[in-house]
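Enquirer: My questions will all concern the structure given below.
Any read-out appearing in this document is the output of simple, stated calculations on the displayed coordinates, not a laboratory observation. Owing to the predicted nature of the structure, the values given are computational and were not obtained by experimental measurement. Glycine also receives a Cβ, built like all others from the backbone with ideal geometry; neighbour counts cover every protein chain displayed.
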Amino acid sequence: MDIFIIIVQVSCLLLLALIFVYWLIAPIISAPFHPSSTKDVLEMFDLARLSRKDRFIDLGSGDGRAALAASRVCEYAEGIEHNPFLTIFARFMALISANGKLKFRNTSFWRVNVAKFDVVFVYLLPGQMKQLAGKLEEEAAPGTRVVTNSFSIPGWKAVEARNSGGKRYFLYELGKHK
Ligand SMILES: C[S@@+](CC[C@H](N)C(=O)[O-])C[C@H]1O[C@@H](n2cnc3c(N)ncnc32)[C@H](O)[C@@H]1O
């Protein structure tokens, strides 16, 4: 019995250490988790004119708040997040909101084809935007709306840009983006 308790304690400590190390290195290897505020999400949905017939994807979905909110508005929403702890949290929130129109995938968005989505939601670092532009041009259908928080996509022409409360948001439409 004592051995069992020691094993459980050591496992918990190892798990905590793993979470701590991941939390330390995650911002170094990619965009850190810095969630969009409720205001950001609402501004971006409004800018993208998110509607009931849209299929929505958040590339780097963090704790899942934007995809969860989108699932209440549109036909289907998906969040892609490579941090397993954030994905577990987002899946838990999806479970308690009992929303079948929502899915979270624990993987890198570089591995996910965005062809079937109408609205792509992006809040990433400027350094990732150039590579993302190439991916979107390769995969996204003409007419796909791409809405970004804070950072623009280099070399692309926004169909609309909005300044609100000291924040900037950009809307692009594939086919009209150059
Ligand atoms: C600035 S946060 C934005 C979170 C969410 N989109 C929002 O607006 O609230 C960026 C998120 O992207 C995730 N991320 C960065 N690179 C990624 C990648 N290649 N694949 C999946 N997720 C990634 C980070 O872990 C982080 O949670």
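Enquirer: Here are some pairs, Lys39/Lys101; Lys103/Lys130; Lys135/Lys176; Lys103/Lys178; which of them have Cα atoms lying more than 25 Å apart in this structure?
Expert: Working: Lys39/Lys101 23 Å; Lys103/Lys130 27 Å; Lys135/Lys176 16 Å; Lys103/Lys178 32 Å.
Cα-Cα > 25 Å for Lys103/Lys130; Lys103/Lys178; rest within.
Enquirer: For the chain, find the longest principal axis of its Cα atoms and tell me its angle to the long axis of helix 38-48, 0 to 90°, nearest 10.
Expert: 40 degrees
Enquirer: If each residue's Cβ is checked for other Cβ atoms within 10 Å, how do Ser36, Ser152 rank with the fewest at the top?
Expert: Numbers: Ser36 21, Ser152 16.
Listed from fewest to most nearby Cβ atoms, that is Ser152, Ser36.
Enquirer: Against the longest principal axis of the chain, how steep is helix 84-96, in degrees 0 to 90 to the nearest 10, with axes from Cα atoms?
Expert: 80 degrees
Enquirer: Taking the Cα atoms only, what angle lies between the long axis of helix 126-139 and the longest principal axis of the chain, rounded to 10 degrees?
Expert: The angle comes out at about 70 degrees.
Enquirer: Using a Förster distance of 41 Å, how high is the FRET efficiency between Lys178 and Ile88, based on the Cβ-Cβ distance and rounded to 0.05?
Expert: Details: r = 39 Å, r/R0 = 0.95.
Plugging the Cβ-Cβ distance into 1/(1 + (r/R0)^6) gives 0.55.
Enquirer: Out of every Cα pair in the range 74-178, what percent are spaced more than 25 Å from each other? Let's see the in-between values first.
Expert: Details: 1369 of 5460 pairs.
For the range 74-178, the fraction of Cα-Cα distances above 25 Å is 25 percent.
Enquirer: Continuing with the same structure: Long-range amide H contacts for Phe104: which residues qualify at under 5 Å (H placed 1.01 Å from N, peptide plane, sequence gap of 5 or more or a different chain)?
Expert: Correct list: Gly79.
Enquirer: Going by how many other beta carbons lie within 10 Å of each one, how would you line up Leu13, Leu171, Leu59, fewest first? Don't skip to the end; give the middle numbers.
Expert: Numbers: Leu13 10, Leu171 19, Leu59 25.
Ascending Cβ contact count within 10 Å gives the list Leu13, Leu171, Leu59.
Enquirer: Could you tell me the center-to-center distance, by alpha carbons, between the range 140-170 and the range 38-54 in angstrom?
Expert: 12 Å
Enquirer: Rank-order 44-51, 95-102 by packing density, defined as the average count of other C-beta atoms within 10 Å over each peptide's residues, highest first. Display every interim value, and only then the final one.
Expert: On the way: 44-51: 19.0, 95-102: 12.5.
Order by mean packing, descending: 44-51, 95-102.
Enquirer: I've got another one for you. What number in nm² do you get for the range 1-147 if you take the convex hull of its Cα atoms and divide its surface by four? Mind showing how you got there, number by number?
Expert: Working: hull surface 41.2 nm².
That works out to 10.3 nm².
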